[in-house]
Amino acid sequence: MFSFDDYKEIVRIVKNVGTHATYKEALNRDKFILMRHDVEYSVDRAYALAKVESSMDFTSTYFFQWTNNSYNVLSRRNMDMIKDMHERGHQIGLHFALNGMTDMKQIRKQIVKEMDILSEMFGFKTDTFSFHRPSKDVLRENIKLPGIINAYQDDFFTFAENVTEDTPVKVKYMSDANHIWRYGYPNKDNITGYDKVQILTHPFAWCKKGYDNFNNYKLLAEEKFKEIIESIDNECKDFGEYKDWFMERTVIEK
Ligand SMILES: [Zn+2]
């Protein structure tokens, strides 16, 4: 579960269907599969997954946060990885966190602001965003902004309140949130059974070997531990004498 091999199988199915599209392309199509990644905790994990996709000659959309507490989207290292992903043909967008905001006017303004800064800092235009933990109010609002695409707008996402038993789901949505595929696993039946499909995965949940929830968090925490050691080591000359002590306490599995 959640190994790169499992992920490759999903990509294989999506590629075989052949309707895979970017959000912009999907706007004008009757059939599409959207492959989306919301990046939490670790840009490294997103980068690793993007490389898996590249190895299969496949591209998708990655959404990054400004206000994430565990990674800095503007650090030199993270920016280099994100720019490389962009150059490999992946779409880069904003993963917008509400951070307690409820006023729709303010939310709309803030999205535009964050998208503008993202484009400015990355040096290429970003025009797509997804919400981090969207509230029902925000989904109901169906926010559409000029020149900006919302991964949850009604073209790509069927909001639950609008669906009765008689209404077929316009867009089949599958998400791996907390290692639970609440709306079904992206297997062949689920991917081919609908004209419009949006698949959301969180790169932090996936790694080469594939782990259960607990062991995945363990490995993720170890990766972040190693990251802080290397960050300190790069900044402070006098850290060298302590570095080994710290490194011995990481048990990173490759
Ligand atoms: Zn999120």
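The values are calculated or read from the model by the stated rules, or taken from the named source; none is laboratory data. Only a predicted model underlies this, so the values are computations on that prediction, with no experimental measurement involved. Please note: Cβ atoms are built from the backbone with ideal geometry, for glycine as well, and neighbour counts cover all protein chains shown. For the accessible areas, the whole protein counts, side chains as well, though only heavy atoms, and no ligand, DNA or RNA atoms are used. Shrake-Rupley method; radii C 1.70, N 1.55, O 1.52, S 1.80 Å.
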Checklist outcome for this item: In degrees rounded to 10, the 0-90 angle between helix 43-55 Cα long axis and the longest Cα principal axis of the chain is 60 degrees
Checklist entry - What whole-number value in Å² describes the accessible area per residue of the chain for a 1.4 Å probe? => result 54 Å²
Checklist outcome for this item: the chain: antiparallel bridges as % of DSSP beta bridges, rounded to 5, reads 5 percent
Checklist entry - Can you give the angle from 0 to 90° between the axis of helix 213-235 and the longest principal axis of the chain, with both taken from C-alpha atoms, to the nearest 10? => result 50 degrees
Checklist outcome for this item: Helix-only [θ] at 222 nm, the chain, -39500 (n - 2.57) per DSSP H run of 4+, per residue, nearest 500, equals -12500 deg cm²/dmol
Item to check | Under-5 Å amide H pairs with residue 91, H placed in peptide plane, nonlocal only | outcome: 60, 61, 62
Item to check | Gain upon complete extension [residue 112, residue 188; 0.36 nm per residue less C-alpha separation] | outcome: 23.7 nm
Item to check | Net length gained if the chain between residue 105 and residue 27 were fully extended (0.36 nm per residue, minus Cα distance) | outcome: 25.6 nm
Next on the checklist: Test of understanding: given the chain, find the longest segment containing no GluC sites (Glu not before Pro) that are in a DSSP loop and have at most 14 other Cβ atoms within 10 Å.
Outcome noted: 1-164
Checklist entry - What is the helix-to-structure angle for 4-17, meaning the angle in degrees between its Cα long axis and the longest Cα principal axis of the chain, kept from 0 to 90 and rounded to the nearest 10? => result 30 degrees
Next on the checklist: Using a 1.4 Å probe on the protein heavy atoms, what percent of the accessible area of the chain belongs to carbon and sulfur?
Outcome noted: 48 percent
Item to check | Rounded to the nearest 10 Å², the accessible area of residue 236 at probe 1.4 Å | outcome: 50 Å²
Checklist entry - In the Gaussian network model of the chain, springs joining C-alpha atoms below 10 Å, which of 116, 195, 137 carries the largest mean-square fluctuation? => result 137
Checklist entry - Which of 62, 242, 152 moves the most in a Gaussian network model of the chain with Cα springs under 10 Å? => result 242
Checklist entry - By how many nm would the segment from residue 247 to residue 180 grow when fully extended, if each residue of separation counts as 0.36 nm and the alpha-carbon distance is taken off? => result 20.8 nm
Next on the checklist: For the pair residue 222/residue 74, report the inter-label distance in nm, with labels modelled 7 Å from Cα in the Cβ direction.
Outcome noted: 3.4 nm
